[in-house]
Ligand SMILES: Nc1ncnc2c1ncn2[C@@H]1O[C@H](COP(=O)(O)OP(=O)(O)O)[C@@H](O)[C@H]1O
Ligand SMILES: [Mg+2]
């Protein structure tokens, strides 16, 4: 047994912790706070799951002394919001899962579909680990099972030689399985899920005639899948599979201030992980988020038309740029991060389509220039940095 200290060192040395570990204290608190009835297999009540994801709206939740587990849990806790968006959307997702239906989150890249699926799985079943990453090379084994070939050769097909997929493990343990980017898998591979979601059973023909010839799903099992509208779309999904999912569309963050504070918060955390303090001016972040929003929506805050680049200007990408500015500011003394903004924007905008470069220049010659002419010092400096876009 490793000592607690050793264990902590290994945990802290991981680059990214899964949601259930990152938010372990909040999850334990919410489990004790809301003792109401839960759907079978759930670690929290449906309403506590929503509170975990959307936050407690700044209010401190209180725990009576008898539920504090000998002082292990705090008496009061404000639950931080994690997903920024409509609470009603999160409630619908939770209701879908409580009804043991599949949930499909669709939307543009970088709208926090994966994050939402991870948070839901962590809050509902205590683990977000049972995940399949869909790719063009994903085979049915990823949804069903494979074999440990050494054991298969030595023993033949036995339960010990079988290697369960994350989906199979979720079925057996009554948990949520996550399937990322489901539409990247070939449609015939996706269809392995049809029988799993309808029969709630997985046949293992190799073990026919034994008691292990099928794996049955226990209560609590369900699936959350995500799909990007930019990849091969959901249009190629079979009708049979579509019917087994409730679709929820996740939109980019509507409110500019909410997006700004999210970008600030996440970039601060990222720079702290890089071992430095975040010291980028709010005014610079405001410029950055404004550019992202204008290019994403095709319209500036003032109502001017903007030509949209082909690349998705997602919040996730804005967080990355803000983090890079933070790291540069912290590690390159004397760097003025505003000078770096055009270069980073170019990197975010110009991915594969050369015309996107022209669109960014067009944005400079339009809104950036007009704001500079209207007397804003910050936009004036950005305008002067147009050369950096070459
Ligand atoms: N509505 C949102 N709420 C919280 N974070 C968001 C939101 N939209 C984007 N983000 C940011 O985007 C990051 C990555 O999103 P991700 O889940 O990978 O997107 P997707 O799976 O939709 O491509 C999140 O970690 C977060 O920093
Ligand atoms: Mg994703």
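The values are calculated or read from the model by the stated rules, or taken from the named source; none is laboratory data. From a predicted model like this one, the values you see are computed outputs, not experimental measurements. Ideal geometry is used to build each Cβ from the backbone, glycine not excepted, and the neighbour counts take in all protein chains shown.
With respect to residue 105, is the statement that it is within 22 Å of residue 90 (Cα to Cα), more than 13 Å from ligand 2 (Cβ to nearest atom) and in contact with a strand residue (DSSP E or B) (Cβ under 6 Å, 6 or more places away or on another chain) true? So that I can check it myself, show each step before the final result.
Numbers: within 22 Å of residue 90 (Cα to Cα): yes; more than 13 Å from ligand 2 (Cβ to nearest atom): no; in contact with a strand residue (DSSP E or B) (Cβ under 6 Å, 6 or more places away or on another chain): yes.
No, not satisfied.
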Legend entry - Search result, residues across the range 53-77 that are in a loop (DSSP other than H, G, I, E, B) and either at negative phi or buried (at least 17 other Cβ atoms within 10 Å of the Cβ) (or both): 55, 56, 59, 63, 64, 68, 72, 73, 74, 75
Inset, instruction - From 217, 279, 227, grab the single residue that is within 16 Å of ligand 1 (Cβ to nearest atom) and either in contact with a helix residue (DSSP H, G or I) (Cβ under 8 Å, 6 or more places away or on another chain) or farther than 27 Å from residue 186 by Cβ (or both). - result: 227
Inset, instruction - May I ask you to list the residues in the range 257-283 that are surrounded by 12 or more Cβ atoms within 10 Å (Cβ to Cβ) and farther than 21 Å from residue 324 by Cβ? - result: 258
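For the range 99-132, give me each residue that is more than 15 Å from the chain's Cα centre (by Cα) and either crowded, with 21+ Cβ neighbours inside 10 Å or closer than 11 Å to residue 176 by Cα (or both).
As a first pass, look at the range 99-132 and keep what is more than 15 Å from the chain's Cα centre (by Cα): 99-102, 124-126.
100, 101, 102, 124, 125, 126, listed by residue number.
Looking only at the range 164-190, filter to residues that are more than 22 Å from residue 219 (Cα to Cα) and away from ligand 2 (no atom under 16 Å from the Cβ); which one of those is surrounded by the most Cβ atoms within 10 Å (Cβ to Cβ)? Steps first, answer last, please.
Here is the first cut: in the range 164-190, the residues more than 22 Å from residue 219 (Cα to Cα) are 180-190.
Add one more test, that the residue is away from ligand 2 (no atom under 16 Å from the Cβ), and what stays is 186-190.
Details: 186: 16, 187: 12, 188: 9, 189: 19, 190: 23.
Applying the filter and picking the extreme gives 190.
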Legend entry - Any hit, the range 78-91, residues being at pLDDT 95 or above, surrounded by fewer than 20 Cβ atoms within 10 Å (Cβ to Cβ) and more than 16 Å from ligand 1 (Cβ to nearest atom): yes
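Per-residue answers, yes or no, for (1) under 22 Å from residue 387 (Cβ atoms); (2) crowded, with 19+ Cβ neighbours inside 10 Å:
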| residue | (1), (2) |
| --- | --- |
| 312 | no, yes |
| 321 | yes, yes |
| 332 | yes, no |
| 335 | yes, no |
| 362 | yes, no |
Inset, instruction - Any residue in the range 160-186 that's on the phi > 0 side of the Ramachandran plot and in the same structural domain as residue 38 (by TED's automatic domain parsing): show its pairings with residues that are modelled with pLDDT of 95 or more and assigned to a helix (DSSP H, G or I) at Cβ separation under 9 Å, as long as the two are six or more apart or on different chains. - result: 174/125; 181/114
Inset, instruction - For residue 368, work out the one condition from (1) farther than 20 Å from residue 316 by Cβ; (2) surrounded by fewer than 16 Cβ atoms within 10 Å (Cβ to Cβ) it doesn't fulfil. - result: (2)
